[in-house]
1. Based on what the data block shows, is THR486 closer than 23 Å to PHE56 by Cβ and surrounded by fewer than 24 Cβ atoms within 10 Å (Cβ to Cβ)?
2. Need the failing condition index for ARG421 against (1) buried (at least 23 other Cβ atoms within 10 Å of the Cβ); (2) outside any loop (DSSP other than H, G, I, E, B); (3) not aliphatic (A, V, I, L, M), just the number.
3. Looking only at residues in the range 283-306 that are within 24 Å of ILE173 (Cα to Cα) and touching a strand residue (DSSP E or B) at 6+ places or on another chain (Cβ under 8 Å), which one is surrounded by the most Cβ atoms within 10 Å (Cβ to Cβ)?
4. Does at least one position in the range 154-174 carry a residue that is loosely packed, with under 15 Cβ neighbours inside 10 Å and acidic (Asp, Glu)?
5. Looking at VAL391 and the list (1) out of contact with any helix residue (DSSP H, G or I) (no Cβ under 6 Å at 6 or more places or on another chain); (2) buried (at least 24 other Cβ atoms within 10 Å of the Cβ); (3) in contact (Cβ under 8 Å) with a residue 24 or more places away in the chain; (4) not small (Gly, Ala, Ser), which single condition is not satisfied?
6. Which pairs turn up if I take residues in the range 238-262 that are without any contact (Cβ under 8 Å) to a residue 12 or more places away in the chain and look for partners that are assigned to a strand (DSSP E or B) and surrounded by fewer than 16 Cβ atoms within 10 Å (Cβ to Cβ) with beta carbon separation below 8 Å, at least 6 apart in sequence or on another chain?
7. Give the residues of the range 190-207 that are out of contact with any strand residue (DSSP E or B) (no Cβ under 8 Å at 6 or more places or on another chain) and over 27 Å from TRP177 (Cα atoms), sorted by residue number.
8. Report yes if some residue within the range 177-190 is on the phi < 0 side of the Ramachandran plot, in a strand (DSSP E or B) and either assigned by TED's automatic domain parsing to the domain that holds ASP120 or surrounded by fewer than 16 Cβ atoms within 10 Å (Cβ to Cβ) (or both); otherwise report no.
Amino acid sequence: MTRAAITLAAVLAVYGCGGPKPVAVTPASPATLSAADRLQADLTAIFSTAQFERSFWSVLVRPVNGSANLYTLNAAKLMMPGSALKIVTAATAAETLGWDYRFETRIVSMVPIESGVLGDDLYIVGGGDPSISERSDTPGTLRAIARQVREAGITRIEGGVIGDDDLFDDRGIGDGWTLDNLPYGYSAATSALEYNEGSADLLIRAGAQEGDPVTIQVRPDGTDLEVENKLVTVAESGNGALTLQRLPGSSRVLVQGQIPAKAAPFVRTASVDNPTRFFASALRKALVAEGIQVAGDAIDIDELESKPDLTRARTLVSHKSPPLGELVSSMMKVSQNQYAEILLRTLGLPRRSGDAAEAGTMGASGATGAMGARKAREVLQRWNIPDDSVVMADGSGLSRYNYVTSEALVRILQVMRGEARHAPFVESLPVAGRDGTLARRLAGTAAEGKVRAKTGTVDNVRAIAGYVETADGDTLVFSMIANNFTVASGVIDAAADQALIRLATFTTR
């Protein structure tokens, strides 16, 4: 039996233990074939089976420092990438902003403090920091900011707490986001003032027996969400199902479905309607907790009849985010959409003297995702990536208007691996069988720990792109994208995983 046959027999043994059944592959056997020819034959057998007859695969495998392809299938075709688009967003943001870039959130006032009293509103000027969250590695950031406000000498605020989110546009959601996704936390609107990634936790507890009520607790307070609970407890042996419904512009979220009796409590995230007001409300609560009296409400600056000129305001507190390297790692490991949307809009901000004309057209509407996509395209052009090989409708990959080619993804991955200064990008990618979105994939196989990659998932889309270490210790770069399939997504993943195990065991010896 040839080495290729032994390898593929091991693959089938691993996947035969459970999960989606892999495709039976007959490896290339003639001893006269080169190692590269055997690899091509084996990958073709994986991606060209009858069950994928109505599906569409785009695959490219190449040495990380080379230009000769080891395997290619529809690599120049535009494909919907899902969250694999975050490779484009992260790479172009890092190239433009630098890995040490930090977002700034400022607390400002238009009037002086007199005897501990601020006789006007307190303003929060958002800089796009996506990391202020009770779910973050450093919860309690808002409480720390409130403490600094108190240390600045304020004991009472006669006005309210006003959130200024004008750095970005108010649209919040990306082009091509589907209506049924919008109620969920992963589709939360983007704001220059982002708290808890613009979403709330719904803690759901089933009843002890069939027919008992299901309870929903919204965390934290101040979300403005009005939950209509239509969940029911079914028999302990029953199946669970849950959906959220919320229309844009509404704070009413309908939660419906069924939960088996005695099921363990669990959390689902729901997007809030106005992330800016959510931030202001959370800060107001933190100020009160720090002993500062606040007379007015928490509101979005767009609710004011006239906006003050905050360029003349006095800065009381300046809070800086962790550096971009840490934020991108958080974004890529768990595929956090709001981080990616903020990075895209931040790319669109003018930052050079040559951007003055664009700054003038931005006006009060703020930076948009389209402006960021234009800046990303400029970076891709410098990397000799054709304009027509990447179509960016958003930064996260949630939009169904996004398209990329495997050739473009592989080229970006090569650029990022080829420059030592971009090492944080490589480190940000999930590791197979170890962490992030790949924590459970390829565990216990020859590819565990040898694959660093970003996955992508939207309806009828599965993608994975990144790096794989071969049995010879060489590094290959790859992109595998499936579109337009009707088979179970697990079948698609199983095929990609078989290919990755074959690459991890590839040897030229």
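The values are calculated or read from the model by the stated rules, or taken from the named source; none is laboratory data. Because the structure is predicted, anything quoted here is derived from the model rather than measured. All Cβ positions, glycine included, derive from the backbone under ideal geometry; neighbour counts span all protein chains shown.
1. Spelling it out, THR486 is indeed closer than 23 Å to PHE56 by Cβ and surrounded by fewer than 24 Cβ atoms within 10 Å (Cβ to Cβ).
2. Answer for ARG421: the failing condition is (1).
3. Among those that are within 24 Å of ILE173 (Cα to Cα) and touching a strand residue (DSSP E or B) at 6+ places or on another chain (Cβ under 8 Å), it is LEU283.
4. No; the residues of the range 154-174 include none that is loosely packed, with under 15 Cβ neighbours inside 10 Å and acidic (Asp, Glu).
5. (2)
6. Going by the 8 Å Cβ cut-off, there are no qualifying pairs.
7. Passing the criteria: none in range.
8. Yes: the range 177-190 contains one or more residues that are on the phi < 0 side of the Ramachandran plot, in a strand (DSSP E or B) and either assigned by TED's automatic domain parsing to the domain that holds ASP120 or surrounded by fewer than 16 Cβ atoms within 10 Å (Cβ to Cβ) (or both).
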